[in-house]
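Report on the structure given below.
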Amino acid sequence: MPVHLIKLSVGTDSVEDLAAWQAVRIEQTGQAPRHVTRMWPKREAELLDGGSIYWVIKGQIQARQNVVALEEVDRGDGIRRCAIVLDPTIYRVAPSQRRPFQGWRYLKREDAPRDLSAARESDDSLPPELDAALAEIGVI
């Protein structure tokens, strides 16, 4: 049974910002998008069994990407790091409020927001405050 990760997308204002930033990095490096962290997930097998990383943008979980691999990163300083390698496809999910936190956290499959249908992905974005209020009362 897969487990997911949840992570703040610091410095991005929207899912489009996240996609644009990753596109630049892909062009620069020729590698799949990745998030490098000092902590190696102890639940590696569960994460690689269909897990995703859910991105918190402006206080809401708004998108996810499938995790495809974990790779060791050596920056020459003796600290073992983990590159969480992601599929470049970004899926929008039903907005879900999330308070700020540091690093990444595990997210149980049953607690993960559902993907938006293809018909909803092209909807205009609501202002973050309105989106958050609607999500809080369960409208979206």
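Details
- The set of residues in the stretch 8-41 being assigned to a helix (DSSP H, G or I) and either more than 25 Å from ASP74 (Cβ to Cβ) or among the acidic types (Asp, Glu) (or both) consists of VAL15, GLU16, ASP17, LEU18, ALA19, ALA20, ALA23, GLU27.
- Checklist (1) more than 16 Å from the chain's Cα centre (by Cα); (2) touching a residue at least 60 places away in the same chain (Cβ under 8 Å) applied to LEU8, failing item: (1)
- Residue check, ALA45 surrounded by fewer than 13 Cβ atoms within 10 Å (Cβ to Cβ) and at pLDDT 95 or above: yes
- Tally, over the stretch 2-25, of residues that are on the phi < 0 side of the Ramachandran plot and either charged (D, E, K, R) or open to solvent by 60 Å² or more (accessible area, probe 1.4 Å) (or both): 8
- Pick from the stretch 59-112, criterion more than 11 Å from the chain's Cα centre (by Cα) and of a type in the set (Phe, Trp, Tyr), ranking: modelled with the highest pLDDT: TYR106
- Filtering the stretch 88-112 to residues that are open to solvent by less than 40 Å² (accessible area, probe 1.4 Å), farther than 24 Å from ALA32 by Cα and touching a strand residue (DSSP E or B) at 6+ places or on another chain (Cβ under 6 Å) leaves PRO95, SER96.
- Close pairs (7 angstrom Cβ cut-off, 6 or more residues apart or separate chains): closer than 17 Å to TRP104 by Cα in the stretch 16-42, outside any loop (DSSP other than H, G, I, E, B) and open to solvent by 70 Å² or more (accessible area, probe 1.4 Å) anywhere: PRO33/ARG25
The values are calculated or read from the model by the stated rules, or taken from the named source; none is laboratory data. Predicted model only: the values in this text are computed from it and were never measured. Methodologically, a virtual Cβ is constructed for each residue, glycine included, from the backbone with ideal geometry; neighbour enumeration extends over all protein chains shown. Surface accessibility is based on the protein's heavy atoms, side chains included, excluding ligands, DNA and RNA. Shrake-Rupley method; radii C 1.70, N 1.55, O 1.52, S 1.80 Å.
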